[in-house]
Amino acid sequence: MTDDGHNRRFPFGGGAVVLAADGAVRAIRHPRRDHSMLLEDAGTSVEAVMHDAAHDWGKGFAILDGGGYRFDTPTQLDWATDGVDLRYELGPLRLSVRRRIGTTWTESYELHNTSARAVTVGCFAVSTPWRDLYGSSHDSLHRAVHAHVWAGGADAWVWAIPMDGSGPGLGLSLTEGELWAYSVESRDQVSSSNVRGHLYLHVTDHARAPHAMGGQPVIELPARGRYRLGWRLQWYPSLAELHAEREPLISIARVAAEVGDSLPVRLAPGATTQAALPLSRNSPGIFHVHAERDGHRSRISVLFHLPLRTIAETRAEFLLMRQRPVERADSRRHAFVPYDNDSGLRVLAGGWSDWSDARERVGSALVLQQLRRLGWGDRTALNEALIGYRRFVLDHVVQPDGTVLDGTPGHRVPRLYNFPWFARFLLDEGDLDLALAVMTRFYALDGKKFLAFELGSVVRDLAAALRNAGRDPEADALTDLLLDQAATYLRYGDELPPHEVNYEQSIAAPLLDLLLAAHALRPAAVPAPELRRRLGWLRAFAADQPDVRMREIPIRHWDGYWFGRSRMWGDVFPHYWSILSAGAYLAWPDGLLPDDETASLRESAYTILRGNLVTFRPDGSATCAFVYPSCVNGQPAHVADPLANDQDWALVYALRHSPLYG
């Protein structure tokens, strides 16, 4: 231990833990990079504004008998050579915290009811302020972490991994007690899209969100009773090695299946469940399965879904009946717009561009195209709808020179994200000329420095269609633009240009899509080590929680605000753009990884595609965002936004790959 008069630094398995004068954890130094794994009240401007000592690791809050208490400054503090002991008074309860740091780091939080009456613990939460933020791509990849949380009772764990995917990562696993929720604070218009917020781990969050994550327990502490939460933290080379030291009460290899099929479940020796095994259901929905052993409880969450064809055809009927603004007089009546499932009203965008009749809503038209390709649905209705949508696109969205407007009435500056999406629609409608004009215009607008979604695959398919039409010079010119862009992004290295978010999964996935397309065209242009490096960046965004909403689903935490009606920040699981990761994994060529790793990539892709089916309801309605935490800024969450908006892209990808994943 070293003491600089303000902070005390304890060696921790090659890294270090820095404790503040009040005994809270100020920093966790990474063993290889020496950056902190936690938010600091310095650094990026947003980080400095939103983080302060009140959110340091180990502080938190409780709701007891309906009254709220926060713990910050201890009433008693005792330093040890390897840590600290702290005491806090929380009304009727006393909280004792023991923190010991060495090769491993252990913590315990004991609630002691010192009163003569029973006390209801409706909420108990501990701050774990991971440095999960995007200052820039370079800062993210070198100094930030992805925090993957599983609040599954006694089987709870956290995996904090550097954003470039390199080890070691920091694993937290329970040794005593249970964690049933996590919540988020400090998410608002100031922190915006580049900061995930402060994450709190909950023994329970029943007082604020009793419904969350399958249900929150109420803890009754009898007079003189105690409740003890304990965990162990250690550096691990990989998440698999963290799991190797755990014995979960309940685990599952696959978290989604079609109704009528079964899902095998593994129980630890001595563990029991009331569910019939293997799991099977004849009705669709999410099902929470509990296990228990020696008074310890755990939970997993799985999805049974209708057949993909049923989901897609029902969704198409809903789109045609409810999400076209048929009240309009011109061809805009054939567009697709957001829909409020609560009121039954189509939504007018006004000045909110993420609710426009263009942009991401083109995904709804692509669903219809995929159904037509597969021979599913009412072909006459599909053809009529697509003819009308094409008329809308030509009249109001795509100009003759290939410029894609940002929506009607068309007074916003063109947005580069939109170009490949509408090129894809036009290509699949057989309009090679306008699709080529769109992509040529994209590059003329400096698209070489922009990672639009689907860029690599759209250029690849468009070039192939041009060659099939005998237009080799145009195909060559377009291919050269793609190869030049790939070379540009290889030169950028980890200093990627910011997009609408400084760095995110939907930068890493389109980057890999671009480089994979270039590699397929000219392998020497994108060497295999460059692909493998960026694959690590993309895979780091997701983990393997035993919950269909989370397994392999990359972290995204702002889309509920921008696209939803509730305008709620916070983790969105699943988010439909997770399918970009699935697309990259399925495009990964054989031979660049060991066969078992390539097979694992494929299965991760199918897991993402299946998991996103939870977005679509049996009646064809859908939600654009499921905000996963129990609460965000104290507002109850773990809720589906009432707006159907941009989520149909998840169905587009499921239909594209339907022969593969079943």
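Rule-based calculations on the coordinates, nothing more; no lab input. These figures come from a predicted structure and were not determined experimentally. Every residue, glycine among them, receives a Cβ derived from its backbone with ideal geometry; neighbour counts consider all protein chains shown.
Under the 0.36 nm per residue contour assumption, what length would be gained going from the current alpha-carbon distance of His142 and Met321 to full extension?
59.6 nm
Roughly what % antiparallel, to the nearest 5, for the DSSP beta bridges in the chain?
In the chain, approximately 95 percent of DSSP beta bridges are antiparallel ones.
Using a simple charge model, +1 on the beta-carbon of Lys and Arg, -1 on the beta-carbon of Asp and Glu, nothing else, what dipole does the chain show about its Cα centre, in debye to the nearest 20?
680
Which whole-percent values make up P(r) of segment 193-252 when all C-alpha to C-alpha distances are grouped in 10 Å steps starting at zero?
With a bin width of 10 Å, the distribution comes to 14, 28, 40, 16, 1.
What ³J(HN,Hα) values, in whole Hz, does the Karplus curve 6.51 cos²θ - 1.76 cosθ + 1.60 give for segment 130-139 when θ = phi - 60°, with x put for Gly and Pro?
Karplus values, whole Hz, x for Gly and Pro: 4, 7, 9, 7, 10, x, 6, 5, 5, 4.
Where does the charge balance sit around Asp41 when Lys and Arg score +1, Asp and Glu -1, over other residues with C-beta under 11 Å from its C-beta?
Taking every Cβ under 11 Å from that of Asp41, the sum is -3.
Run through the DSSP bridge list for segment 165-323 and note the antiparallel percent, rounded to the nearest 5.
90
Show me, bin by bin at 5 Å from 0, the whole-percent P(r) of segment 27-141 based on Cα pairs.
Going out from 0 Å in 5 Å bins, segment 27-141 shows 2, 10, 17, 19, 16, 14, 11, 6, 3, 1, 0, 0 percent.
How big is segment 117-167 by Rg and Dmax over its Cα atoms, in Å?
Cα radius of gyration and Dmax of segment 117-167 are 15.7, 55 Å respectively.
Placing unit charges on C-beta atoms (Lys and Arg positive, Asp and Glu negative, everything else neutral), compute the dipole magnitude of segment 1-81 about its Cα centre in debye, rounded to 20.
Charge dipole, segment 1-81, about its Cα centre: 340 debye, nearest 20.
Any idea what % of Cα-Cα pairs in the chain are farther than 33 Å?
Distances greater than 33 Å cover 48 percent of the Cα pairs.
Given N residues in segment 189-304, what is Rg(Cα) / (2.2 N^0.38 Å)?
Expressed relative to 2.2 N^0.38 Å, the Cα Rg reads 1.32.
Please report, ordered by residue number, every helix of the chain (full DSSP H runs) that is 27 Å or longer along its axis going by C-alpha atoms and whose mean Kyte-Doolittle hydropathy reaches -1.0.
Qualifying helices, which must be both long enough and hydrophobic enough, are 472-492.
Using the Kirkwood radius over C-alpha pairs as Rh, can you work out the diffusion coefficient of segment 1-82 via Stokes-Einstein at 25 °C, viscosity 0.890 mPa s, in µm² per second?
173
For segment 398-492, what D do you get in µm² per second when you plug the Kirkwood radius from alpha-carbon pairs into Stokes-Einstein at 37 °C and 0.692 mPa s?
247
When the helix-only estimate is applied to the chain (DSSP H runs of n ≥ 4, each -39,500 (n - 2.57), divided by the residue count), what is the mean residue ellipticity at 222 nm, nearest 500 deg cm²/dmol?
Estimated from H runs of four or more residues: -9000 deg cm²/dmol.
Averaging over every viewing direction, what projected area does the convex hull of the Cα atoms of segment 162-219 cover, in nm²?
6.0
Which values of log₁₀ I(q)/I(0), to two decimal places, follow from the Debye formula for segment 222-269 at q = 0.26, 0.29, 0.30 Å⁻¹ with a uniform point scatterer at every Cα?
The Debye formula, applied to the Cα set alone, gives -1.05, -1.12, -1.14.
Suppose a student asked you for the relative contact order of the chain, using Cα pairs under 8 Å spaced at least 6 residues apart; what percent would you report?
12
Rounded to two decimals, what is the ratio between the C-alpha radius of gyration of segment 334-384 and 2.2 N^0.38 Å?
Relative to the 2.2 N^0.38 Å estimate, segment 334-384 comes out at 1.33.
Taking all pairs of distinct Cα atoms, average 1/r, flip it, and tell me the Kirkwood hydrodynamic radius of segment 497-580 in Å to one decimal place.
The answer is 14.2 Å.
Using alpha-carbon pairs under 8 Å, 6+ residues apart, how would you state the relative contact order of segment 334-409 in percent?
Relative CO of segment 334-409 lands at 30 percent.
With each label point set 7 Å from Cα along the Cα-Cβ vector, what nm distance links Ser166 and Glu247?
3.6
What percent does the relative contact order of segment 526-611 come to when contacts are Cα pairs within less than 8 Å and at least six residues apart?
Taking the mean separation of contacting Cα pairs over the length of segment 526-611, I get 25 percent.
Can you tally the net charge around Leu538? Count Lys and Arg as +1, Asp and Glu as -1, for every other residue whose Cβ sits under 12 Å from the Cβ of Leu538.
Net charge in that neighbourhood comes out at 0.
Taking segment 264-373 on its own, what percent of its Cα-Cα pair distances exceed 23 Å?
Within segment 264-373, distances greater than 23 Å cover 52 percent of Cα pairs.
Write down the radius of gyration of segment 389-436 and its Dmax, each obtained from C-alpha positions, in Å.
Expressed in Å, the Cα Rg and Dmax of segment 389-436 come to 9.8, 28.
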